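The values are calculated or read from the model by the stated rules, or taken from the named source; none is laboratory data. All values reported here derive from a predicted model rather than from experimental measurement. Cβ placement follows ideal geometry from the backbone for every residue including glycine, while neighbour counts extend to all protein chains displayed. Surface areas here come from the heavy atoms of the whole protein model, side chains and all, with no ligands, DNA or RNA. Shrake-Rupley method; radii C 1.70, N 1.55, O 1.52, S 1.80 Å.
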Amino acid sequence: MLNSSQRRAGRSLLIQRNALETNDIIANKNKALFGKAFVMNFLSSPGSGKTSLLESIIPILKSDGFKVAVIEGDVETDLDKKRIDKLNVPAYQIITNGTCHLDARMVSGSLNSLDINGADIIFIENVGNLVCPTSFNLGEDIKAVVLSVTEGDDKPLKYPAAFYKSKVMIINKIDLLPVLDSDIAKIRENALSINKDMVIFETSCKNNSKAGNTYNNGLQDFISFIKDNVSLKVSVFKK
Amino acid sequence: MHEFSIALEIVDTLQLNGYLEGVKSVSEVKLNLGKYSGVDKNYLAFAFQNLNDERFKDVLLDFILNDGDEITIREILVD
């Protein structure tokens, strides 16, 4: 082991560079390949309901004429992709084999196989983990953090990076509120203390097959947000 | 433990920009680390110690902690 004076004997190189520059170079290439598509990167703990949320909103977006594609990220299995396949939209499963997050290289690799030609919306479902995925830009337009009411209202304070970096928070499984002690107002307050500009939706993915139910379970507001951002992305892309 | 990936990204960034050309060893890496970066500085130091790269075998990490989410390489000391 070198002592401090030996350490100081070397040359000093001033750098001032983004430490994740190599990831971000690839993320920017991904962004270019995404084209006009609005791309959301979903972060959350395992089991918050990311896939259920996609299963609930994709059929509605499809019926409204939007072309959707999905990139799934999991440590093991293609179970989530199989669920998305049932919606008849292009989907690709990234299996990280133990890695706790997606990075730009993995997403770049998925674009060799996934049909995103003409896509209006691309959803990236990151590995279920509120810590590691926050550090890596994938080329998305926004990060969206999903928090289920079963996780407790202190999660924004315990895992602040995910809430700081996300433009949107979806508080999911609100149908369970009657049997829980979770305080939605407290979740909102804690999240906004980390990120005061965060846009917040409250959703449930239960019983969505019932006509008109999307208006009662908060999904419609979230879908409207997505549609607005698709329009915004297209207008920016044309310029 | 995404800090291993961050450590590899730092090495890649240094390599990509030519800072490691002719370098036998890196004795210190100075970083700016935002409190919302999602990076644990102790795990990052552990990751560097366990990189399969002899040049970083004895590396010491030095951090300036700040607000925001940046992870910036500020300076390196090399031999």
Taking the Cα atoms only, what angle lies between the long axis of helix A:21-34 and the longest principal axis of chain A, rounded to 10 degrees?
-> 30
When the charge dipole of the protein assembly as shown is computed with +1 at the Cβ of Lys and Arg and -1 at the Cβ of Asp and Glu, the Cα pointing farthest to the positive end, of A:Met106, A:Ala69, A:Leu176, is that of A:Ala69
Can you tell which of A:Ile26, A:Phe38, A:Ile226 lies farthest toward the positive end of the dipole of chain A, using +1 and -1 charges on the Cβ of basic and acidic side chains (Lys, Arg; Asp, Glu)?
-> A:Ile26
Is there a simple number for the mean count of other chain Cβ atoms within 10 Å of the Cβ of residues in B:5-14, and what is it?
-> 6
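Given a 1.4 angstrom probe, what's the average accessible area per residue across chain B, in square angstrom? Let's see the in-between values first.
Details: 3570 Å² over 79 residues.
Accessible surface, normalised per residue, equals 45 Å².
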Listed here are the pairs A:Lys173/A:Lys227; A:Lys238/B:Lys35; A:Lys29/A:Lys143; A:Lys50/A:Lys186; A:Lys158/A:Lys196; A:Lys29/A:Lys227; which of them are more than 27 Å apart at the Cα?
-> A:Lys238/B:Lys35
For segment B:28-42, in order, what is each residue's ³J(HN,Hα) by Karplus, 6.51 cos²θ - 1.76 cosθ + 1.60 with θ = phi - 60°, in whole Hz (x at glycine and Pro)?
-> 8, 10, 9, 10, 8, 10, x, 5, 9, 6, x, 10, 8, 5, 5
For the protein assembly as shown, cysteines with no other Cys Cβ under 4.7 Å from their own Cβ are listed as A:Cys205
So who's got an amide H within less than 5 Å of the one on B:Asn66, skipping anything under 5 residues away but keeping other chains? H placed 1.01 Å off N, in plane.
-> B:Leu33, B:Gly34, B:Lys35
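What relative contact order, as a whole-number percentage, does chain A give when Cα pairs under 8 Å and 6 or more residues apart are counted?
23
How high is the relative contact order of segment A:130-190, given as a whole-number percent (alpha carbon pairs under 8 Å, six or more residues apart)?
Numbers: 69 pairs, mean separation 26.2, N = 61.
In percent, rounded to a whole number, it is 43.
Could you check how much of the accessible area of segment A:4-238 is carbon and sulfur, as a whole percent, using a 1.4 Å probe?
Values: 5160 of 10230 Å².
Carbon with sulfur: 50 percent of the solvent-accessible area.
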The alpha-carbon center of segment B:2-28 and that of segment A:16-86 are separated, in whole Å, by 30
Where does helix A:219-238 land angle-wise versus the long Cα axis of chain A, in degrees 0 to 90, nearest 10?
-> 50
In order through segment A:133-141: 3J(HN,Hα) via Karplus (6.51 cos²θ - 1.76 cosθ + 1.60), integer Hz, x for Gly, Pro = x, 5, 7, 10, 6, 9, x, 6, 7
Give the long-range amide H neighbours of A:Ser148: residues separated by 5 or more places, or on another chain, with amide H under 5 Å away, using H modelled in the peptide plane at 1.01 Å from N.
-> A:Asn172
Just tell me the longest site-free run in chain B, where the sites are trypsin sites (Lys or Arg not before Pro) in a DSSP loop having at most 15 other beta-carbon atoms within 10 Å.
-> B:1-23
In sequence order, what are the phi-derived ³J(HN,Hα) couplings for segment A:64-77 according to the Karplus relation 6.51 cos²θ - 1.76 cosθ + 1.60 with θ = phi - 60°, rounded to whole Hz, with x for glycine and proline?
-> 8, x, 8, 8, 10, 9, 9, 10, 9, x, 8, 5, 9, 6
